[in-house]
């Protein structure tokens with residue numbers, strides 16, 4: 001399955017140590033701007049993303065419709081990287097991996113399918129590719145790095161432990 005990623009989700013998955021595992025099951029596509037955002041600061045997350053790009057586990061696509069990107073940015077008050085990722089997801093008719101609140105709202109408004117780092121974590125557990133203690137440790141990292149509300153984290157804990 002092909003999924004377009006924005007920088008927030010790519011960085012969160014890299015920081016929590018599950019990005020490499022995700023690349024085994026999904027085709028990750030990112031626009032140039034997201035690549036620049038992810039590699040702009042030094043760190044292990046940027047290094048991992050760089051390696052995955054070099055290994056062709058993350059595909060870079062050029063976004064050429066500058067006017068459409070600017071319109072998306074204005075209409076939804078989101079950054080250029082998020083706008084490019086949203087535009088690519090629409091162009092390829094595939095989900096957008098996003099953990100940025102305003103971009104999630106934009107997806108809801110226009111009916112764009114999306115997923116988050118938390119969804120990827122829960123999916124690994126449901127496929128028995130990550131055990132519960134490790135998943136809880138990864139969730140704790142996500143909670144620290146991400147901007148999730150207490151309610152969202154509590155819901156994720158409940159779901160990971162087998163609740164609905």
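Out of contact with any helix residue (DSSP H, G or I) (no Cβ under 9 Å at 6 or more places or on another chain) and farther than 18 Å from residue 18 by Cα, is that true of residue 104? Show your work before the answer.
On the way: out of contact with any helix residue (DSSP H, G or I) (no Cβ under 9 Å at 6 or more places or on another chain): yes; farther than 18 Å from residue 18 by Cα: yes.
Yes.
Can you name the residue in the stretch 100-130 that is part of a loop (DSSP other than H, G, I, E, B) and modelled with pLDDT under 95 and, of all such residues, is nearest to residue 1 (Cα to Cα)?
Selected residue: 127.
Given the structure, is residue 115 touching a residue at least 40 places away in the same chain (Cβ under 8 Å), closer than 30 Å to residue 73 by Cα, under 14 Å from the mean Cα position of the chain (by Cα) and crowded, with 21+ Cβ neighbours inside 10 Å?
Values: touching a residue at least 40 places away in the same chain (Cβ under 8 Å): yes; closer than 30 Å to residue 73 by Cα: yes; under 14 Å from the mean Cα position of the chain (by Cα): yes; crowded, with 21+ Cβ neighbours inside 10 Å: no.
Against the criterion (touching a residue at least 40 places away in the same chain (Cβ under 8 Å), closer than 30 Å to residue 73 by Cα, under 14 Å from the mean Cα position of the chain (by Cα) and crowded, with 21+ Cβ neighbours inside 10 Å), residue 115 does not qualify.
Report yes if residue 49 is under 15 Å from the mean Cα position of the chain (by Cα), buried (at least 18 other Cβ atoms within 10 Å of the Cβ), part of a strand (DSSP E or B) and touching a residue at least 24 places away in the same chain (Cβ under 8 Å), otherwise no. I'd like the intermediate steps shown before the answer.
Details: under 15 Å from the mean Cα position of the chain (by Cα): yes; buried (at least 18 other Cβ atoms within 10 Å of the Cβ): yes; part of a strand (DSSP E or B): no; touching a residue at least 24 places away in the same chain (Cβ under 8 Å): yes.
Here the answer is no, as residue 49 does not meet what is asked.
Identify the single condition in (1) in contact (Cβ under 8 Å) with a residue 40 or more places away in the chain; (2) outside any loop (DSSP other than H, G, I, E, B); (3) crowded, with 18+ Cβ neighbours inside 10 Å that residue 141 does not satisfy, given that it satisfies every other one.
(3)
Considering each of 89, 135, 97, 83 in turn, give the residue that is in contact with a helix residue (DSSP H, G or I) (Cβ under 6 Å, 6 or more places away or on another chain) and in contact (Cβ under 8 Å) with a residue 40 or more places away in the chain.
Values: 89 fails: in contact with a helix residue (DSSP H, G or I) (Cβ under 6 Å, 6 or more places away or on another chain); 135 fails: in contact (Cβ under 8 Å) with a residue 40 or more places away in the chain; 83 fails: in contact (Cβ under 8 Å) with a residue 40 or more places away in the chain.
Being in contact with a helix residue (DSSP H, G or I) (Cβ under 6 Å, 6 or more places away or on another chain) and in contact (Cβ under 8 Å) with a residue 40 or more places away in the chain holds for just one of 89, 135, 97, 83, which is 97.
Please list, ordered by first then second residue, the pairs with beta carbon atoms under 6 Å, 6 or more apart or interchain, first in the stretch 16-34 and over 13 Å from residue 53 (Cβ atoms), second outside any helix (DSSP H, G or I).
Qualifying pairs under 6 Å: 26/1; 26/3; 27/2.
Residues to consider are 98, 66; find the one that is loosely packed, with under 15 Cβ neighbours inside 10 Å and in the same structural domain as residue 18 (by TED's automatic domain parsing). It would help to see each step written out before you state the result.
On the way: 98 fails: loosely packed, with under 15 Cβ neighbours inside 10 Å.
Just a single option satisfies the conditions, and that option is 66.
The values are calculated or read from the model by the stated rules, or taken from the named source; none is laboratory data. Because the structure is predicted, anything quoted here is derived from the model rather than measured. Heads up, the Cβs are rebuilt from the backbone with ideal geometry, glycines too, and the neighbour counts pull from every protein chain shown.
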